[in-house]
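First the structure, in the form of structure tokens, and then the observations on it.
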Amino acid sequence: MKTSKAVRVRHSPLFEEQLKKLREAVKEKDGKFHRQLLKAIEREEGNLRVDMHRGTQIEKSKIPKEYVAQYGVTNLWKIDLPGYWRILYTIVGNEFEIISVLLEFMDHKEYDKKFGYKKL
């Protein structure tokens, strides 16, 4: 989607904290998966600057109430990452800019728990 507005990507405080811990894990453990996950997150952040609708939109009825209360979320998107991890983000804007706010990233188990999906 082409727009004349400035397109930016921002992090929630939680996302910042998660990113900091992931970067520390990469330095300390030098784990292949941690590096792969960090690289994927950084790549997707860049992709969102080009296409803010890159992810899959989550139905409004399924948006966790904590996101509505904490961030005022009215739309929620997810991007799949390696190892069944996910980034959750929302899109906000005004007449001058559009901002993709990265809320948090999580593994598949935590994602299922947050959205109330049950294991069969």
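Just a few scattered comments:
- Candidate set from segment 90-120 (those that are assigned to a strand (DSSP E or B) and out of contact with any Lys or Arg (no Cβ under 8 Å at 6 or more places or on another chain)); member that is surrounded by the fewest Cβ atoms within 10 Å (Cβ to Cβ): VAL92
- Segment 50-73 - residue that is more than 21 Å from PRO13 (Cβ to Cβ) and in a helix (DSSP H, G or I) and, of those, modelled with the lowest pLDDT: VAL50
- Only one entry in ARG54, ARG86 is buried (at least 18 other Cβ atoms within 10 Å of the Cβ) and either in contact (Cβ under 8 Å) with a residue 24 or more places away in the chain or basic (Lys, Arg) (or both), namely ARG86.
- Scope segment 5-35; condition touching a helix residue (DSSP H, G or I) at 6+ places or on another chain (Cβ under 8 Å) and surrounded by fewer than 12 Cβ atoms within 10 Å (Cβ to Cβ); matching residues: GLY31
- Selected residue (criterion: nearest to the chain's Cα centre (by Cα)) from residues of segment 24-37 that are closer than 21 Å to ASP80 by Cβ and part of a helix (DSSP H, G or I): LEU37
- All conditions in (1) more than 17 Å from GLN57 (Cα to Cα); (2) in contact with a Pro (Cβ under 8 Å, 6 or more places away or on another chain) hold for LYS114, with the sole exception of (1).
- Total residues in segment 89-105, condition without any contact (Cβ under 8 Å) to a residue 60 or more places away in the chain, touching a strand residue (DSSP E or B) at 6+ places or on another chain (Cβ under 7 Å) and polar (S, T, N, Q): 1
The values are calculated or read from the model by the stated rules, or taken from the named source; none is laboratory data. Not measured: the values here are computed from a predicted model. Note that we place each Cβ from the backbone using ideal geometry, even for glycine, and neighbour counts take in every protein chain shown.
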